[in-house]
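Report on one structure; see the data block that follows.
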Amino acid sequence: MIAKSDEEALVILARKIHGELAGRIAEILMKKGEVTDDDLAKILKVDINKVRRLLNLMFESRLVKYRRARDEKIGWYKYFWRLTDEPAHRVLEDRKRMALKILEARLRLEEENEYFYCPKCGRKYTLDDADSYGYICPYCEEVLEPYDNEKDKLVLRKAIEKLSKYSPLKIEKTTKT
Ligand SMILES: [Zn+2]
């Protein structure tokens with residue numbers, strides 16, 4: 001799928017990251033510019049709290065921004081939401097970089113540590129923890145066994161590889177001279 005504009009790309013990202021309703025919210029913001037959460041809920045016929053929760057998630061993903069203004073009549077603050085003005089590919093790259101950092105840190109942990117596990121409850125312990133518990137599971141008092149984490153490492157390596165290649169936008173790069 002090729003996005004014609006950055007705003008369309010943001011709609012695609014919103015839908016991929018946060019689901020269908022987020023995609024519809026992004027579409028409305030693309031068409032209307034600025035919309036309050038109240039109006040979004042009315043247009044979509046969805047519970048306002050659901051809309052607010054999604055908007056906050058979309059804000060954390062840097063897909064949307066807001067402006068706050070006091071409503072003189074009711075004295076409360078109103079939030080006007082809009083699509084971010086950041087380029088979509090940068091939003092995506094930042095998100096990818098953050099996720100990769102977490103996965104790589106987890107892989108490093110797996111690579112640098114020895115693990116034990118409890119055959120009864122399945123809990124996993126680092127060598128240090130297992131040692132401090134005397135190699136007995138503190139929850140079920142079972143003797144801990146060495147844990148082979150090759151599978152875990154493989155899963156993490158595959159996830160890192162997949163994420164590195166992930167590019168749902170495929171934006172055409174226009175070179176301006
Ligand atoms: Zn246990």
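When the residues of region 146-177 are filtered to those that are surrounded by 14 or more Cβ atoms within 10 Å (Cβ to Cβ) and in contact with a strand residue (DSSP E or B) (Cβ under 7 Å, 6 or more places away or on another chain), the one that is modelled with the lowest pLDDT is N149. The residue that is nearest to E7 (Cα to Cα), among those in region 117-172 that are among the polar types (S, T, N, Q) and away from the ligand (no atom under 16 Å from the Cβ), is S167. At least 3 residues being at negative phi and buried (at least 20 other Cβ atoms within 10 Å of the Cβ) is the threshold, and among the helices (runs of 4 or more DSSP H) wholly inside region 1-79 those reaching it are 6-18, 20-32, 48-60. Among the residues in region 64-84, are any within 16 Å of the ligand (Cβ to nearest atom) and of a type in the set (K, R)? No, region 64-84 has no match at all. Determine if region 123-135 includes at least one residue that is over 28 Å from L13 (Cα atoms), surrounded by 11 or more Cβ atoms within 10 Å (Cβ to Cβ), in contact with a helix residue (DSSP H, G or I) (Cβ under 8 Å, 6 or more places away or on another chain) and not polar (S, T, N, Q). Checking region 123-135: not a single residue is over 28 Å from L13 (Cα atoms), surrounded by 11 or more Cβ atoms within 10 Å (Cβ to Cβ), in contact with a helix residue (DSSP H, G or I) (Cβ under 8 Å, 6 or more places away or on another chain) and not polar (S, T, N, Q).
The values are calculated or read from the model by the stated rules, or taken from the named source; none is laboratory data. Small disclaimer: the values here were computed from a predicted structure and weren't measured. No Cβ is skipped: glycine too gets one built from the backbone with ideal geometry, and neighbour counts run over all protein chains shown.
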